[in-house]
Amino acid sequence: MVSSRDFPEHCQKTSERRFEARTVAIVALVLALLSLVGWLYLTQTSHLAVTGYRIMELEQRKALLEEENAQLEAEIAELESAARLMARAQALGFQRPEKVTYVIVPNYPVQEESRDEVSGVQRTAPTDSAEGLTSILARWWAGLVAQFDAWLQVQP
Amino acid sequence: MSVVADEKPRWRLIFLSAVLIGFVLVLIGQLVRWQIVEHDRFREMAAKEHQQARILTPRRGSIVDRNGRPLAMNVVTYEVSAAPNLITDPYLAADRLWSLLGRPRDELISVLSQDVPYVLLARGVPMATGEAIMAWGLSGINLEPSPRRFYPEGKLAAHVLGFVNAVGQGFYGVEGFYNDLLEGEEGVLHGELDPWGEIIPIGESRWSPPREGRSLVLTIDRDVQFMVEQELAAAIERYQAQSGTVIVMDPNTGAILAMASYPAYDPNTFYEVEDERLFTDPASGDHYEPGSVFKVITLAAGLDAGLITPDTPFFDSGSIEVGGRVIQNWDRRGHGNVTMTDVLVLSLNTGAAHVSTSLGAEQFHTYVRRFGFGLRTDVELAGEVPGTVRVPGDPEWHESDLGTNAFGQGLAVTPLQMITAVSAVANHGLLPRPYVVAQIIDQERVISTRPYLQQAISPEAAQQMTEMMVAVVERGARLAAVPGYRIAGKTGTAQMPIPGGYDPNSTIASFVGFAPADDPQFIVLVKIVKPQTSPWGSEVAAPVFKRIAEQLFLMMNIPPDNVRQQAMAVDR
């Protein structure tokens, strides 16, 4: 059996140096890792903060644009008001029709729904109901396409 | 060797210790106060310093007509104020501001030259103007944005819409009725503040989003409303009347297409109105004695009860006594042997009183209630009134009421109740509930209002009544007739009650009619108050109905009866 005392002195010193080097390396590695994690954390946090401020800025910009949009919509609505249109029509020489002639077109397909829309009649059950906007649009689109199809089939 | 202690240093030590202990005790006491006793207060103070709860104001819902045309929307305006004591050159500031703010230059110079910290210069300044002022960067001039309700059509449908005050509260009309739905619910953003007072994006925060106000789609048609308002204003001028109301409704559903009253106000400048009574909607919030138009209800009740038919004979002596009161015809004449159709065409008070007394007080008033009188219609307008109908058992009821009520005296109804009741005649006896809101839009969800109907009289009685009303237009109120169309209608000339009786010089001229008689698409009520050129409904209100009906036939694409019947025959 060989005891440590049996090692030559220079061997023991070499071993200690290796141990120290390894320790230093481990500590350095840990420090490097910690620094990396810290750097990553700080970078991310800083990036997050900058992005957050940017989002806030964009939200403020969005709000401002929405306000400007609302303003423009209001201006359009005012320009399209009934009183203004009437005044403009009269200035351009438009008049109410004195006589209206109706023409009967045999087999002209008029959908009951569109007729009701014109007359403002809703022939539905006397209950309250709720439906999605998408389904209303889909129904409207399907009705429009069907109406075009029907028109195309009318013989002149 | 003995050591003699110096007494003075010991006392100094004791004194110093006592001072230090006292100081420490004060510190401990203060710490206890800060950390325990007033912990919550200081915590709150700290939170206030570093945290903020920002109220997120929801956007008020918009209001559009049945075709999506905007009637009420939101805009941002600016409140412009000044801190005159910070303004170095009031002349320069006044030169730039006076034309934009619409204030005289000299007045503005004197205002800006004062030594005061705050002066309000203008409210409701348009966004573009406000931004232009901001771009100049005038020191001492401040601009504060504030949302404002905007009504792009001005006075149009003012009584239906109502208005919104400076703090966002809706009053009258749908703005008042649906205020809770329109204004939405506030949200809140709790967060930590940075040194510039902005919320730190990555700080601790809680966010409760605002619920945006719901939008309303009305049954009102902007173009029909405009046309009706023009015709009403022209009629008021033509007949030199005091005021008036016109309602256009779909009798099949109760959807109100137009509801106009004159005089009206501009909801954009509601604060300029001096008489607040102008805000009340005369169509639903004010009542009147309807006069002979009410004979439609009396005779319809008689038909439904099987008491009369259109041809039932009646001898008109010119007067009839009910409850001790003698009732006479409007022309003070007796017309001899007539039918019930003649009673309506000639508008005989005696014939109507004969029917109501034959029905009896209980049955007559059951029908009156069934037609909705004395009850709110539940239209979605703030300030609706139920009218006044005295019934047997009421302390004020008198037996003679049975006779006078038959021709529309001694009771008070709203124009909306009147047109709704006659709608039942047009709609196979089904009484609709009038409504002005077709849809409520809640972000992606659309809630549609569906008509609610209840049977007031039988379809057969309604059909007979319709024919009797057609006879009124064909033989009596010819000024309401539109060539090519069968129209059912009835005139009314009501006296105006004053303390102790009726005003001999004032009347309310009215007409209610629907068309086409065989397939009614619209019903119109015209009410003109205190016309000066003629007191009669047949001469004042009937022509207004005609002008409106002529345009409605075109706008609603309703061809003349013969064209419609030919088209139906071709379709078959």
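Sorting B:S113, B:S284, B:S347 by the number of Cβ atoms found within 10 Å of their own Cβ, with the fewest placed first, yields B:S113, B:S347, B:S284. In the protein assembly as shown, the DSSP beta bridges split such that about 95 percent are antiparallel, to the nearest 5. Counting every other Cβ atom within 10 Å of each residue's Cβ, B:I63, B:I199, B:I419 order from fewest to most as B:I199, B:I63, B:I419. How high is the relative contact order of chain B, in percent, with contacts defined as C-alpha pairs under 8 Å that are six or more residues apart? After rounding, I find 14 percent.
Each label was represented as a point 7 Å from its Cα along the Cα-to-Cβ direction; for A:A21 and A:K62 these points are 5.9 nm apart. Can you pick out the pairs among A:K99/B:K527; B:K295/B:K527; A:K99/B:K155; B:K155/B:K530 whose Cα atoms lie more than 21 Å from each other? Table pairs above 21 Å Cα-Cα are A:K99/B:K527; A:K99/B:K155; B:K155/B:K530.
Placing pseudo-labels 7 Å out from each Cα toward the beta carbon at B:E321 and B:R10 gives an inter-label distance of 13.0 nm.
Per the Debye calculation on segment B:281-431 with a single equal scatterer at every Cα and no solvent contribution, log₁₀ I(q)/I(0) for q = 0.09, 0.12 Å⁻¹ amounts to -0.27, -0.47. Computed from backbone phi with θ = phi - 60° and the Karplus coefficients 6.51, -1.76 and 1.60, the 3J(HN,Hα) list for segment A:53-69 is 5, 5, 4, 4, 5, 5, 5, 5, 5, 4, 4, 5, 5, 5, 5, 5, 5 Hz; x is used for glycine and proline.
Over segment B:437-572, the hull volume per residue, using the convex hull of the C-alpha atoms, is 208 Å³.
When the alpha carbon coordinates of segment B:1-137 are projected onto the principal axes, the ranges are 113, 49, 20 Å, largest first.
Can you give me the pair-distance distribution of the protein assembly as shown, C-alpha pairs, 20 Å bins, whole percents? Binned Cα distances yield the sequence 13, 34, 24, 14, 7, 5, 2, 0. Computed over chain B, the per-residue total of -39500 (n - 2.57) for DSSP H runs of n ≥ 4 gives a 222 nm mean residue ellipticity of -10500 deg cm²/dmol, rounded to 500. When the P(r) is computed for segment A:8-82, the part past 20 Å accounts for 68% of the Cα-Cα pairs.
How big is the charge dipole of the protein assembly as shown about its Cα centre, in debye rounded to the nearest 20, if each Lys and Arg gets +1 on its Cβ and each Asp and Glu gets -1 on its Cβ? Dipole about the Cα centre, nearest 20: 840 debye.
Near the amide H of B:D316, within less than 5 Å, lie the amide hydrogens of B:H335, B:G336, B:N337, B:V338, all on another chain or at least 5 residues away, with H placed in the peptide plane. Projected over all directions and averaged, the alpha-carbon convex hull of segment B:250-318 occupies 8.4 nm². Among B:K530, B:K48, A:K99, sorting on how many other beta-carbon atoms sit within 10 Å of each Cβ, with the fewest leading, yields A:K99, B:K48, B:K530.
Stokes-Einstein diffusion of segment B:510-572 at 25 °C, 0.890 mPa s viscosity, Kirkwood radius from Cα pairs, rounded to a whole number: 187 µm²/s.
The alpha carbon convex hull volume per residue for chain B rounds to 300 Å³.
Restricting the calculation to Cα atoms, segment B:81-157 shows an Rg/Rh of 1.04 when the hydrodynamic-style radius is the Kirkwood one.
Any read-out appearing in this document is the output of simple, stated calculations on the displayed coordinates, not a laboratory observation. Note that the structure is predicted; figures quoted are calculated from it, not measured. Backbone-built Cβ (ideal geometry, glycine too); neighbour counts: all protein chains shown.
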